[in-house]
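Written below as structure tokens is the structure these notes are about.
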Amino acid sequence: MASAILASLFHPSEVLALVQYKLAPKTKYDYTNDKARERLYHHLNMTSRSFAAVIQDLDEELKDAICLFYLILRGLDTIEDDMTIDLETKIPYLKTFHEIIYQKGWTFTKNGPNEKDRQLLVEFDVVIEGFLALKPAYQTIIADITKRMGNGMAHYATAGIHVDTTADYDEYCHYVAGLVGLGLSEMFSACGFESPMVAKRKDLSNSMGLFLQKTNITRDYLEDLRDNRRFWPKEIWGLYAEKLEDLVKPENSDKAKQCLSHMVSNAMGHIKDVLEYLEMIKNPSCFKFCAIPQVMAIATLNMLHTNYKIFTHENIKIRKGETVWLMKESDNIDKVAAIFRLYAREVNNKSDPLDPHFVDIGVACGEIEQICVGKYPGSTAELARLQAGVMAGTSGSVITAAAVVAGAVVLKSTFA
Ligand code: IN0
């Protein structure tokens, strides 16, 4: 906590959000009377940290279904990701995972010791038990998406098959993330929280996943390369280097930065759809659940833009304070539109006029601004409010931050 506050010292609204987050009651969810549910939510908390809280804030009707959807996909992903499992073993698991989730007692111990979510699969019987207790309508949606995703993953895991063209890139991201959007939209409509139109707009649901996944793939260049996973499409990186790994060579740093801008520009292409999707979502808990990952993605993309560090450092992330602040602010479309405008402006301000994607990125940022001003006029006042919070730090108001930190320390000792 102290280091998170220090990192946000020049962003008083983040410090405030961190303190509020820290002081929020911890025992909001109590599963002590339900051991199976306790295990399930234990795994959720182990795998996704901040996102676990967002899932737990969903309305009761959807909470378990989405928690299980998340854990099942995380299990599948943990098999896909593990480069220590040979392909002859891996591919059949990917293709049959939608059947495995119906097999009571099934567990998996073939992951390498360093796989982050290894334990989830070691105790996967808990997940299966939970899945089998869901309403059949949710089971069907989850199994259908798992089947299509597993087969897509198996295709791209096959020897000799790579993400080559930008169409492949869109297709791979559709399998691993776009389909998640389709499944979630079906659940939102099936339970009656959202209109049937949400499930019908598969294009927009798909874009929700693509924007998240493309941001992750762009961020994880170095980590994926280290593990021999290659998701940047050759159609893009081939314009800047002979081999994908050549982008890390110091002598190629200019080309690497241009390639990065190309990847950022490609991801930004989905933002228009993201805003249109979020505009459809009326249930407050579904809205926050959908909006939070998206605002985190635009914040991450802003951090990646023109940032050569992605070629030299793994695990670069937005500040914890920024995450907590974004989670607090993302509760209606005007505020979310304001957040998109804020980051789009930052992206644009950082752009290098000599970069070949300077104009593309400028146009994408301008479009976000234009859409938001036209469709969400309330975002203008929200943007001014957000900027006041951000500016308070950058204009040298360290005193404000120091006062909040001092307050936090006092509160901490009071409540400890
Ligand atoms: C998600 C998505 C997610 C949430 C809400 C609506 C969505 C609509 C379409 C597609 C995906 C949607 O959100 C999570 C967010 C997450 O897990 N964040 C992590 C970050 C991290 O680094 O791991 C956290 O710890 O906070 C997400 O990234 N994915 C996901 C998976 C399952 C479900 Cl049900 C929802 C993964 C992915 C690949 C982007 C789809």
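We did not get these values from a lab; they are worked out from the coordinates using the rules stated. Quick caveat, the model's predicted, so the values are computed rather than measured. Cβ sites come from the backbone with ideal geometry, for glycine too, and all protein chains shown count toward neighbours.
Using Cβ counts within 10 Å as a stand-in for footprinting exposure, how do ARG385, ARG74 rank, fewest first?
ARG385, ARG74
Run the quick spin-label model on ARG229 and SER253: label points 7 Å from Cα toward the beta carbon, then report their separation in nm to one decimal.
2.8
On the principal axes of its Cα set, how long, how wide and how thick is the stretch 201-252? Give whole Å, largest value first.
The principal-axis extents, from largest down, are 45, 22, 16 Å.
Return a whole-number percent for the relative contact order of the chain, with Cα pairs under 8 Å and 6 or more residues apart as the contact set.
19
Using only alpha carbon pairs under 8 Å that are at least six residues apart, calculate the relative contact order of the stretch 31-159 and give it in whole percent.
Result for the stretch 31-159 is 29 percent.
By how many nm would the segment from LYS375 to ARG49 lengthen if fully extended, with 0.36 nm per residue of separation less the alpha-carbon distance?
So the extension gain works out to 114.0 nm.
Which residue, chosen from VAL274, LEU120, ALA154, occupies the Cα position most advanced towards the positive end of the dipole of the chain, where the dipole is computed from +1 (Lys, Arg) and -1 (Asp, Glu) charges on Cβ about the Cα centre?
LEU120
Using the beta-carbon distance between GLU99 and ASN315 and R0 = 30 Å, what value does 1/(1 + (r/R0)^6) give for FRET efficiency, to the nearest 0.05?
0.30
Using just the alpha carbons, could you tell me how many Å³ per residue the convex hull of the chain encloses?
148
What ³J(HN,Hα) values, in whole Hz, does the Karplus curve 6.51 cos²θ - 1.76 cosθ + 1.60 give for the stretch 327-343 when θ = phi - 60°, with x put for Gly and Pro?
Result, rounded to whole Hz: 5, 6, 8, 8, 10, 7, 5, 5, 5, 5, 4, 4, 5, 4, 5, 4, 6.
Could you line up HIS313, HIS262 from fewest to most neighbouring Cβ atoms inside 10 Å?
Ranking HIS313, HIS262 by Cβ neighbours within 10 Å, fewest first, gives HIS313, HIS262.
With r as the distance between the Cβ atoms of LEU9 and THR165 and R0 = 45 Å, compute the FRET efficiency 1/(1 + (r/R0)^6) and round to 0.05.
0.50
With labels modelled as points extended 7 Å from the Cα through the Cβ direction, what inter-label distance (nm, one decimal) is found for LYS22 paired with LYS272?
Taking the simple label geometry, LYS22 and LYS272 are separated by 4.4 nm.
Sketch the reach of a paramagnetic label on ALA137 as a point 7 Å from Cα along Cα-to-Cβ, and name the residues of the stretch 175-209 whose backbone nitrogen lies under 12 Å away.
186-196
So what are the ³J(HN,Hα) numbers for the stretch 32-43, from phi and the Karplus equation (6.51, -1.76, 1.60; θ = phi - 60°), rounded to whole Hz, Gly and Pro as x?
Going residue by residue, I get 4, 8, 9, 4, 5, 5, 4, 4, 4, 6, 4, 4 Hz, with x marking Gly and Pro.
Just to be sure I understand the model, the point goes 7 Å from the Cα along the line to the Cβ. What's the resulting ARG148 to TYR29 distance in nm?
The answer from the label model is 2.7 nm.
What is the dipole size for the stretch 9-153, taken about its Cα centre, with +1 at each Lys and Arg Cβ and -1 at each Asp and Glu Cβ, in debye to the nearest 20?
140
Sorting LEU301, LEU6 on the 10 Å Cβ count, fewest up front, what's the list?
In increasing order of surrounding Cβ atoms, one gets LEU6, LEU301.
Find, among the GluC sites (Glu not before Pro) in the stretch 117-221, those assigned to loop by DSSP (not H, G, I, E, B) with at most 10 other beta-carbon atoms within 10 angstrom.
none
Report the FRET efficiency, 1/(1 + (r/R0)^6), for SER195 and ASP125, where r is their Cβ-Cβ distance and R0 is 41 Å, rounded to 0.05.
0.65
When the helices in the chain are scored as -39500 (n - 2.57) per DSSP H run of 4 or longer and the sum is shared across all residues, what 222 nm value do you end up with, to the nearest 500 deg cm²/dmol?
Calculated from helices alone, the mean residue ellipticity at 222 nm is -22000 deg cm²/dmol.
Could you work out how much longer the chain between ARG385 and THR158 gets when fully extended? Use 0.36 nm per residue separation minus the Cα distance between them, nm to one decimal.
76.7 nm
Taking the alpha carbon gyration tensor of the stretch 64-164, what are the square roots of 5 times its eigenvalues, largest first, to the nearest whole Å?
Whole-Å semi-axes of the equivalent ellipsoid: 23, 16, 10.
Counting Lys and Arg as +1 and Asp and Glu as -1, each charge on the Cβ, what is the dipole of the chain about the Cα centre in debye, to the nearest 20?
Its charge dipole is roughly 980 debye.
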